[in-house]
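Report on the structure given below.
The values are calculated or read from the model by the stated rules, or taken from the named source; none is laboratory data. Everything numeric here is computed off the predicted structure, so don't read it as measured data. Cβ placement follows ideal geometry from the backbone for every residue including glycine, while neighbour counts extend to all protein chains displayed.
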């Protein structure tokens, strides 16, 4: 339902970089993660920091699952509600950690085709 809402509402009506990122992020399923760099590359961009900025400004925190976006080294990165909340959300989706990094990072990494 949420994907349909966003596909037929504000996201598709605005071609902004942020909205393009949010649209891409809808395709990352529960239990998988992606990186800031992967999102930028999916838009043929090297603007990794702009992806982070879009995540920080995400007005639909849980509906657009920005908690699934992590650093390329497998560490959490930032989250508007704090890193503890981000980790908790990822753990609820089955993501496991070894210290501060995702244990099975490559196996859980979603690739945009």
Problem set entry | Selection from region 101-113 of residues that are assigned to a loop (DSSP other than H, G, I, E, B) and in contact with a helix residue (DSSP H, G or I) (Cβ under 8 Å, 6 or more places away or on another chain) | 110, 111, 112
Exercise. Do we find that residue 100 is out of contact with any strand residue (DSSP E or B) (no Cβ under 7 Å at 6 or more places or on another chain) and at pLDDT 90 or above in this structure?
Worked result: no
Exercise. Can you name the residue in region 89-100 that is more than 15 Å from residue 72 (Cα to Cα) and in a loop (DSSP other than H, G, I, E, B) and is also farthest from the chain's Cα centre (by Cα) among such residues?
Worked result: 99
For this session: Out of the residues in region 54-81 that are assigned to a helix (DSSP H, G or I) and touching a residue at least 24 places away in the same chain (Cβ under 8 Å), state the one that is surrounded by the most Cβ atoms within 10 Å (Cβ to Cβ).
Result: 66
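Looking at 41, 86, 46, can you tell me which residue is loosely packed, with under 15 Cβ neighbours inside 10 Å and either touching a helix residue (DSSP H, G or I) at 6+ places or on another chain (Cβ under 8 Å) or not in a loop (DSSP other than H, G, I, E, B) (or both)?
Details: 41 fails: loosely packed, with under 15 Cβ neighbours inside 10 Å; 86 fails: loosely packed, with under 15 Cβ neighbours inside 10 Å.
From the options 41, 86, 46, the qualifying one is 46.
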For this session: Taking residue 98 as the residue in question, decide whether it is out of contact with any helix residue (DSSP H, G or I) (no Cβ under 9 Å at 6 or more places or on another chain), free of Cβ contacts under 8 Å to residues at least 24 places away in the same chain, surrounded by 13 or more Cβ atoms within 10 Å (Cβ to Cβ) and farther than 13 Å from residue 28 by Cβ.
Result: no
Problem set entry | Cβ pairs under 9 Å, 6+ apart, first in region 15-33 and on the phi > 0 side of the Ramachandran plot, second crowded, with 19+ Cβ neighbours inside 10 Å and not in a helix (DSSP H, G or I) | 31/95
